[in-house]
Amino acid sequence: MKRTVIGGFIMLGGLFTTLTIIVVAALYIPRMTSWSGSQLWYAIFGGKQFGNEVVQSLYLGFPFVVGLLLSILGLVILVMEYFDKSFLK
């Protein structure tokens, strides 16, 4: 039971982080004047600066990846707990 709660909170923390960054990037997209590739991806991760042009990005790539990893870790813990309990019965 203890691992299930821990896994649930880790997964929810990662999902909250990731989804918050996606929402913030989606709200920032209308203010961007130049990008390369996907607007959402560019708003989160950014790109290289060429010359004197201003890079309009949030640079939230590292927290986004950490949130994804926490979500996956929490899901793995929950799946392991689910199958561990189902095989014991």
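Quick note: the coordinates plus some simple rules give every number you see, no bench work behind them. As the structure is a prediction and not an experimental result, all values here were calculated from the model. Glycine gets a Cβ as well: all are built from the backbone with ideal geometry, and neighbour counts include every protein chain shown.
Just give me the residues in the stretch 1-31 being surrounded by 15 or more Cβ atoms within 10 Å (Cβ to Cβ), without any contact (Cβ under 8 Å) to a residue 60 or more places away in the chain and either within 30 Å of Asp84 (Cβ to Cβ) or out of contact with any Leu (no Cβ under 8 Å at 6 or more places or on another chain) (or both), in sequence order.
Leu15, Thr17, Thr18
Take Ile44 and decide whether it is out of contact with any Ser or Thr (no Cβ under 9 Å at 6 or more places or on another chain), of a type outside the set (S, T, N, Q), under 21 Å from Gly67 (Cβ atoms) and buried (at least 16 other Cβ atoms within 10 Å of the Cβ).
Details: out of contact with any Ser or Thr (no Cβ under 9 Å at 6 or more places or on another chain): no; of a type outside the set (S, T, N, Q): yes; under 21 Å from Gly67 (Cβ atoms): yes; buried (at least 16 other Cβ atoms within 10 Å of the Cβ): yes.
Spelling it out, it is not the case that Ile44 is out of contact with any Ser or Thr (no Cβ under 9 Å at 6 or more places or on another chain), of a type outside the set (S, T, N, Q), under 21 Å from Gly67 (Cβ atoms) and buried (at least 16 other Cβ atoms within 10 Å of the Cβ).
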